[in-house]
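Working notes, beginning with the structure itself.
Every number in this text was worked out from the coordinates using simple rules, so none of it is lab data. Nothing here was measured: the structure is a model prediction, and the numbers come from that model. Heads up, the Cβs are rebuilt from the backbone with ideal geometry, glycines too, and the neighbour counts pull from every protein chain shown.
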Amino acid sequence: MALTLPSLLSTSSAASSPCLPPHRTLFTGPSTLSLNRSCRRRRSGPRASVAFDSPAEAGERGGSSSGELLLEVRGLSAVISESKKEVLRSVDLTVHQGEIHAIMGRNGSGKSTFSKVLAGHPQYEVTGGVVTFKGQNLLDMDPEERSHAGLFTSFQDPVEIPGISNYDFLLMAYNARQKKLNRPEIGPIEFFSVVDPKLAMLKMEKGFLDGHVNGASGGQKKRSEILQLAVLGADLCILDEIDSGLDVDALQDVAKAINGLLTPDNSILMITHYRRLLDYIKPAYVHIMEDGRIIKTGDASLAKQLEEGGFKAVSAT
Amino acid sequence: MYSLNTPPHPLLLPPPLLTMSSTTTTSHLLHPFHHHHLPKPKPSPLRLRLRSALSDPRLLHLAEKLEDSVSPSLPLLHNLRLSSSDSILSKSWPTRRDDPFRYTDLSLLKSSQIEPSPPSPSSPLPDEPQLFPNRFYILDGHVIPSLSSLPNLPNGVYVGGISGVPDRIAGSVLDSFSGFRDGDLFWDLNGIGAPDVAVVYVPEGCRVEEPLHLKYVFGGGGGERRLAVSNPRVLVVVERGGEIGIVEEFGGGGGDGFYWANSVAEVAIGEGGRVSHSYVQRQELGSAHTKWTLVQQGSSSTYELVEISTGGKLSRHNLHIQQLGPDTVTELSSFHMSRSDQLLDLHSKLVLDHPRGYARQLHKCVVSHSSGKVVFDGNIQVNRYAQQTDAGQQTRSLPLTPRPCINVKPNLKIVADDVKCSHGAAISNLEDSQQLFYFKARGIDTQTARDAVVFSFGAEVLSRLPYEALRKSLASDLKGLIADKETIHLPDEI
Ligand SMILES: Nc1ncnc2c1ncn2[C@@H]1O[C@H](COP(=O)(O)OP(=O)(O)OP(=O)(O)O)[C@@H](O)[C@H]1O
Ligand SMILES: [Mg+2]
């Protein structure tokens, strides 16, 4: 389907972040990858974000097709702004283009906190560490700049916003990006042709667009987050329990949609409790989080181990 | 029938007689007026009595001018005028020492020269899109049937001035004047100065499908320190099982006209009746707006009010709801936005005296200007016999200035023991809000995100308006007010 879509998607990501340093700099930093794999670093120029119309792709990705360094987290520590309680203790994580990662871990181990700190949530204060995203210091950026740079976080429990329809919200977010890229903003009528195919992809009713943001049921909220992702595009999407509250069919729809958004260049960091999701979106790396840090990293077999033996089986000793 | 000399407190009287049967009663009721009061010569009773009373001279002068400004030949209003002039004898201008006005600065009224508004329309009506087919205009308190349009009213429904009230319903209409005695000075001034009463009468069992839009228009004609006062008055009578939606809309000109709108609406709902009341106050920014809404709810009746107030320099709404029987449903929602040097005040009182009432009140306010003020004094009183009442009261404020002036006093007073009650008062912090972060996380710039969160805050109340056309119109108004950065002073980002 030929969409007159955000040409932002077909242009270089350099356009969306004019101060992006050359990618070369990415490789001068510490590169203490804990993963034992061959990392094929492509030196081609910056590339497109999400390609919208790529066919669904369900195979395992990441291990053999890693691209350039996308996100590098080193020693990230954070406290809750109000209470100063420590919630992240020196987290390390590296994601390359095209990789799929999963984070698993007990309730309260800090998974959502990690995703919100990456998104720039003011509830948390970073007390140490470095986060580099596409060569830029992520921690220096406002949440909206992180979004423009290509980071999309789907929240575990996105907040309800009465009075603002899903359609208006999508349009606002879309136009914010257009503006950032010095592109003409789009009118509410034209915008429908942008949203409509995404709706279809997610098997969502058009009526959904009239409802207010995150006012729908748990499952609808999750679809709605993926709809936003589909409309806005991203280089790295963090999906926090995108599978919770979804029935089997809905999970398949959502997983299919996510796979449909994947390209060789964008990456996923998903947080989940269930292996079920990993059957649909296959990660090359699984990380276990415990008490605010990543205690173990392995391949998809770690998830299986976890399911069979519980957290004890994978806990650090 | 209500009479001035009835000694007991009117609120303790049994339900007013919405069920009174018509013909014989009517003539009986009307008689005394024809006999005793119609050929009333001047000087008026008010003047005579006020002269001899120890009253506030400025007030006396105003009351006299108001009395002179109205036509004396409306027999159905005689009692109202008489009781009001009686009552005003004991009144003086409220000061900050009077509890109901502790936070409400009336200096705009006190420091202005006040004249009754000129009797004839002084400005043409704005040409504006019409939201409802049933429209009734009230210009400076005068009903204007020629501008009104009432195509969709069922048989038996009356909407019009008090002199046109058909005989068959005159008794009911008269009896539905509450005879309320706890009114303040403004209540009394309206009783004296109302040139007419717009009567809305819904007969037994009649459901009025289309809402009735009451448009209050004000000619202004004042100036700096000079306000033209007018006293619109409405009486809504819904007989047993009747239903109607009323939209009261004040102002909307968007200018900064100088006038004082001192209005009263009385609503009497018979057993099982239902009134959905939308009240929109977008008066001009130089104006003063004082309003009483007095509601009497018969058993099993429903009263729903949604108030959106964003206008006026001084705006005071007194809302009193009296429950006259069990099983009533009362839902009150209000949104106030003070976005310039303006005071918006709601004093509400809901008294529950009968079992199994259901009551909800939601008050929300935004103060977006450093001299803006909001006052809320909300009382819900669950008395001894109001067992199994389910009452809830919530107030939420969203300050957008560093030192906002917001006085909220929610008060849920419970005497009965078998009741379900909930209440809450919260002050939201825009900068810390999850919503603001959510917008930003989707790439929306801070200013747009703030505006959207403020809009969303108001939209919770706006969305309760039962009519889409009105919702849309007010939503776009609200967006405009929020985006108008000349009047909005948001704190700088920290
Ligand atoms: N804003 C906050 N205020 C107070 N405590 C917080 C806050 N954010 C996180 N925490 C605490 O930090 C810890 C980690 O929470 P987090 O939500 O990140 O866990 P999680 O791994 O996502 O858990 P779950 O699997 O249940 O979603 C918990 O103990 C939680 O209570
Ligand atoms: Mg979580």
Whole-Å distance, taken between Cα centres, linking segment A:210-236 and segment B:60-81:
62
Proximal lysines relative to A:Lys180, as straight alpha-carbon distance under 21 Å, when same-chain residues fewer than 8 apart are discounted
A:Lys134, B:Lys440
Straight-line reach from A:Lys84: which lysines fall under 17 Å, measuring Cα to Cα and dropping same-chain residues less than 8 apart?
A:Lys116
Sites matching trypsin sites (Lys or Arg not before Pro) across segment B:395-494 that sit in DSSP coil, with at most 11 neighbouring C-beta atoms within 10 Å:
B:Lys485
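If you take the beta carbon distance between B:Cys421 and B:Tyr385 as r and set R0 to 25 Å, what does 1/(1 + (r/R0)^6) give as a FRET efficiency, to the nearest 0.05? Intermediate values should be presented prior to the final figure.
Numbers: r = 16 Å, r/R0 = 0.63.
That gives a FRET efficiency of 0.95.
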If you find the alpha carbon centre of segment A:262-279 and of segment A:148-175, how far apart are they in angstrom?
21
Gap in Å between the Cα centre of segment B:368-391 and the Cα centre of segment B:416-430?
10
Approximate spin-label separation B:Ala469-A:Arg183, in nm, with each point projected 7 Å along Cα-to-Cβ
3.9
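Pop the C-beta distance of B:Ser476 and B:Leu147 into the FRET formula with R0 = 30 Å and round what comes out to the nearest 0.05.
Working: r = 25 Å, r/R0 = 0.82.
So, using R0 = 30 Å, E works out to roughly 0.75.
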Pop a pseudo-label 7 angstrom from the Cα along the beta-carbon direction at both B:Asn411 and B:Asp68 and give the gap in nm to one decimal.
4.0
Count of lysine pairs in segment B:98-430 with Cα separation under 20 Å (8 or more residues apart, or interchain)
19
Rounded FRET efficiency, nearest 0.05, which uses the C-beta distance separating A:Ser83 from A:Phe192 and R0 of 45 Å
0.50
Segment B:158-199 shape via C-alpha gyration tensor axes, a/c threshold 1.5:
oblate
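How much length is gained if the chain between A:Glu307 and A:Val126 is pulled fully straight, taking 0.36 nm per residue apart and subtracting their Cα-Cα distance, in nm to one decimal? Can you show the working numbers first?
Values: separation 181, 0.36 × 181 = 65.16 nm, distance 3.22 nm.
Additional length available on full extension: 61.9 nm.
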